[in-house]
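Q: A single structure is presented below for examination.
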């Protein structure tokens with residue numbers, strides 16, 4: 001272990017260090033206030049309501065997810081113990097609701113499981129010597145290894161969008177047996193599937209028959225097979241691997257990720273968002289590589305798959321090229337010369353504009369500032385020290401003193417250009 005000793009005396013503490021300690025002190029008061037107001041002594045949240053459908057586990061863990069991180073950054077010494085206490089209390093609370101079995105979620109999509117797990121993963125990273133959380137990490141990872149029921153090694157797929165400690169949970173939720181239009185919170189996401197007969201717009205879902213047709217299609221097509229967001233399940237195996245580097249865990253991560261990489265390569269570089277029960281992309285969506293649960297189109301679309309800004313742009317470009325047939329390139333019509341040979345029409349070469357230096361551009365834009373600048377002494381190759389700053393200051397002053405154009409001047413200039421010199425009304 002490397003030990004660092006401070007030998008240089010500090011006569012004055014830097015301001016950044018004082019502000020950092022003040023921030024940590026305020027955060028310490030904040031989490032204690034939250035704990036006293038919103039938590040029970042046994043660690044659970046103060047909640048007297050009921051749970052609906054399959055959703056909600058993530059909302060109970062999320063208030064605490066950054067507590068272990070704050071501890072590692074220099075938070076209070078008892079913060080990590082408080083975080084563990086609340087993880088266990090909330091887990092028992094959710095087990096009472098029937099949403100957690102053997103300390104892990106019964107079965108839901110990995111978009112929401114990805115919101116539930118940062119709290120647990122951060123505790124494991126903050127205290128890798130904790131034997132209880134180490135055992136939990138291993139048990140949770142085993143849920144997705146071959147033989148557990150959530151993963152099919154023959155097709156290299158996680159068999160359903162909703163999975164967990166209860167195995168695959170088919171469908172997308174009992175509350176969506178009919179997908180009706182009276183869901184203002186879901187209308188902003190649009191139609192889940194775009195090819196259901198008789199459903200073209202959101203208003204079509206006001207018809208009970210159309211709502212049943214959409215719900216049935218969602219359960220059958222979105223509630224089975226693999227989806228790209230299931231790649232987040234590899235975090236469980238990776239977290240457990242960090243403890244003892246078990247090759248079983250790393251081999252599964254590589255196998256599952258490689259399967260998706262191969263599908264993307266076969267799809268022109270675009271990651272498909274769905275794989276059917278037989279292991280084929282588009283099996284449940286008419287051959288389309290998009291349309292899966294939490295995939296390219298619904299509900300959040302692109303943000304679920306391409307989290308980084310530049311990655312989204314690249315994925316969009318590739319998706320656009322792959323989804324639409326390439327148009328034939330329009331070639332410029334060739335002319336025939338006297339000998340009958342084809343030649344390109346004559347083009348006037350673009351005359352390069354003379355590049356002006358910074359000083360010349362400033363003088364052209366600010367004549368008054370240019371006149372105020374001192375003349376350069378004859379024979380001097382490099383400007384005098386401070387001349388550039390003087391010119392910049394003079395230019396800024398000229399810009400500040402310049403009168404603002406009268407209202408409508410830009411519009412009048414535009415009309416003059418459009419009218420070829422005559423004022424266009």
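Q: Please verify whether the range 89-99 includes one or more residues that are over 20 Å from residue 60 (Cβ atoms), in contact (Cβ under 8 Å) with a residue 24 or more places away in the chain and surrounded by fewer than 18 Cβ atoms within 10 Å (Cβ to Cβ).
A: Looking through the range 89-99, none of the residues is over 20 Å from residue 60 (Cβ atoms), in contact (Cβ under 8 Å) with a residue 24 or more places away in the chain and surrounded by fewer than 18 Cβ atoms within 10 Å (Cβ to Cβ).
Q: Tally the residues that are assigned to a loop (DSSP other than H, G, I, E, B) and buried (at least 20 other Cβ atoms within 10 Å of the Cβ), restricting the search to the range 48-64.
A: 1
Q: Checking the conditions here, which among 291, 268 is surrounded by fewer than 17 Cβ atoms within 10 Å (Cβ to Cβ) and not in a helix (DSSP H, G or I)?
A: After applying the criteria, what remains is 268.
Q: Here is a follow-up. Residues of the range 199-216 being surrounded by 20 or more Cβ atoms within 10 Å (Cβ to Cβ), in a helix (DSSP H, G or I) and either touching a helix residue (DSSP H, G or I) at 6+ places or on another chain (Cβ under 8 Å) or modelled with pLDDT under 95 (or both), which ones?
A: Once the filter is applied, which keeps residues that are surrounded by 20 or more Cβ atoms within 10 Å (Cβ to Cβ), in a helix (DSSP H, G or I) and either touching a helix residue (DSSP H, G or I) at 6+ places or on another chain (Cβ under 8 Å) or modelled with pLDDT under 95 (or both), the range 199-216 yields 205, 210, 211, 214, 215.
Q: Being out of contact with any strand residue (DSSP E or B) (no Cβ under 7 Å at 6 or more places or on another chain), crowded, with 20+ Cβ neighbours inside 10 Å, within 21 Å of residue 60 (Cβ to Cβ) and touching a residue at least 12 places away in the same chain (Cβ under 8 Å) is the requirement here; does residue 119 meet it?
A: yes
Q: Residues 148, 125, 132: which one is under 23 Å from the mean Cα position of the chain (by Cα) and surrounded by fewer than 17 Cβ atoms within 10 Å (Cβ to Cβ)?
A: Within the list 148, 125, 132, the selection yields 125.
Q: I would also like to ask the following. Suppose we filter 253, 196 for residues that are crowded, with 16+ Cβ neighbours inside 10 Å, outside any helix (DSSP H, G or I) and either modelled with pLDDT under 95 or in the same structural domain as residue 167 (by TED's automatic domain parsing) (or both); which single one remains?
A: Among 253, 196, only 196 is crowded, with 16+ Cβ neighbours inside 10 Å, outside any helix (DSSP H, G or I) and either modelled with pLDDT under 95 or in the same structural domain as residue 167 (by TED's automatic domain parsing) (or both).
Q: A further question on this structure: What pairs come out if I take residues in the range 150-162 that are touching a residue at least 40 places away in the same chain (Cβ under 8 Å) and not assigned by TED's automatic domain parsing to the domain that holds residue 108 and pair them with residues that are in a strand (DSSP E or B) and surrounded by fewer than 19 Cβ atoms within 10 Å (Cβ to Cβ) whose C-beta lies under 7 Å away, six or more apart or interchain?
A: Note: pairs meeting the criteria are 159/152.
Q: While we're here: Looking at (1) under 24 Å from residue 116 (Cα atoms); (2) under 25 Å from the mean Cα position of the chain (by Cα), can you tell me which one residue 249 breaks?
A: Of (1) under 24 Å from residue 116 (Cα atoms); (2) under 25 Å from the mean Cα position of the chain (by Cα), only one is false for residue 249: (2).
Q: To continue, here is another question. Pick from 112, 86: which is farther than 27 Å from residue 222 by Cβ, outside any loop (DSSP other than H, G, I, E, B) and in contact with a strand residue (DSSP E or B) (Cβ under 7 Å, 6 or more places away or on another chain)?
A: Matching residue, one of 112, 86: 86.
Q: Let me ask something additional. Which of the numbered conditions does residue 108 fail, given that it passes all the others? Conditions: (1) crowded, with 16+ Cβ neighbours inside 10 Å; (2) more than 22 Å from residue 235 (Cα to Cα).
A: (2)
Q: Please work out if residue 122 is outside the structural domain of residue 224 (by TED's automatic domain parsing), farther than 23 Å from residue 163 by Cα and touching a helix residue (DSSP H, G or I) at 6+ places or on another chain (Cβ under 6 Å).
A: Criteria not met by residue 122.
Q: Would you be able to say whether some residue in the range 163-175 is touching a helix residue (DSSP H, G or I) at 6+ places or on another chain (Cβ under 7 Å), in a loop (DSSP other than H, G, I, E, B), in contact (Cβ under 8 Å) with a residue 24 or more places away in the chain and within 13 Å of residue 218 (Cβ to Cβ)?
A: At the first step, the residues of the range 163-175 found to be touching a helix residue (DSSP H, G or I) at 6+ places or on another chain (Cβ under 7 Å) are 171-172.
Within this subset, residues satisfying the condition of being in a loop (DSSP other than H, G, I, E, B) are 171-172.
Then drop every residue that is not in contact (Cβ under 8 Å) with a residue 24 or more places away in the chain, which leaves 171-172.
The next check asks that each one be within 13 Å of residue 218 (Cβ to Cβ); those that pass are 171-172.
Within the range 163-175 (the criterion being touching a helix residue (DSSP H, G or I) at 6+ places or on another chain (Cβ under 7 Å), in a loop (DSSP other than H, G, I, E, B), in contact (Cβ under 8 Å) with a residue 24 or more places away in the chain and within 13 Å of residue 218 (Cβ to Cβ)), the answer is yes, since at least one residue qualifies.
The values are calculated or read from the model by the stated rules, or taken from the named source; none is laboratory data. Just so you know, these numbers come straight off a predicted model, no measurement behind them. Please note: Cβ atoms are built from the backbone with ideal geometry, for glycine as well, and neighbour counts cover all protein chains shown.
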